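Input: a single structure, listed below in structure tokens.
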Amino acid sequence: MIRAKIELITATEMRNFISCVNSDGTADKYVLENFDGSFRADARSMLGVAYATAEFDGVFLVNRTHDGVFPKGINKFRK
């Protein structure tokens, strides 16, 4: 499974990230995972993104529908 390591610090970055993921025009299932993949959160929701950035030991974006396919513009959030 291909993952993109991301870093979101401010609330503005989180909102911009969610907008980017939600504006991809697909119904793909995006999740945020911690380093070892044992915890997941919805990458399309503010609550999920806030939880992941606060609690995870590294945040990774995963497309569960199409492995390795990420929304346009996601690179500005990559670490």
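The values are calculated or read from the model by the stated rules, or taken from the named source; none is laboratory data. Keep in mind that what you see is a predicted model, and the values were worked out from it rather than measured. Because the Cβ atoms are built from the backbone with ideal geometry, glycine has one as well, and the counts that use them run over all protein chains shown. To get the accessible areas, we keep the full protein, side chains included, count just its heavy atoms, and leave off ligands, DNA and RNA. Shrake-Rupley method; radii C 1.70, N 1.55, O 1.52, S 1.80 Å.
Restricting segment 8-44 to residues that are in contact with a strand residue (DSSP E or B) (Cβ under 9 Å, 6 or more places away or on another chain), of a type in the set (A, V, I, L, M, F, W, C) and part of a loop (DSSP other than H, G, I, E, B), the residue that is least open to solvent (accessible area, probe 1.4 Å) is 43.
Any residue in segment 8-21 that's at negative phi: show its pairings with residues that are aromatic (Phe, Trp, Tyr) at Cβ separation under 6 Å, as long as the two are six or more apart or on different chains. Final answer for the pair search is 8/17; 17/77; 21/30. Do we have any residue at all in segment 45-62 that's open to solvent by less than 10 Å² (accessible area, probe 1.4 Å), free of Cβ contacts under 8 Å to residues at least 60 places away in the same chain, under 15 Å from residue 2 (Cβ atoms) and in a strand (DSSP E or B)? Yes, segment 45-62 contains at least one residue that is open to solvent by less than 10 Å² (accessible area, probe 1.4 Å), free of Cβ contacts under 8 Å to residues at least 60 places away in the same chain, under 15 Å from residue 2 (Cβ atoms) and in a strand (DSSP E or B).
When 79, 72 are checked against the criterion of being under 17 Å from residue 19 (Cα atoms) and touching a residue at least 24 places away in the same chain (Cβ under 8 Å), 72 stands alone in meeting it. Do we find that residue 75 is open to solvent by 40 Å² or more (accessible area, probe 1.4 Å), out of contact with any helix residue (DSSP H, G or I) (no Cβ under 8 Å at 6 or more places or on another chain) and at pLDDT 95 or above in this structure? Yes; evaluated as a whole, the condition is true for this residue.
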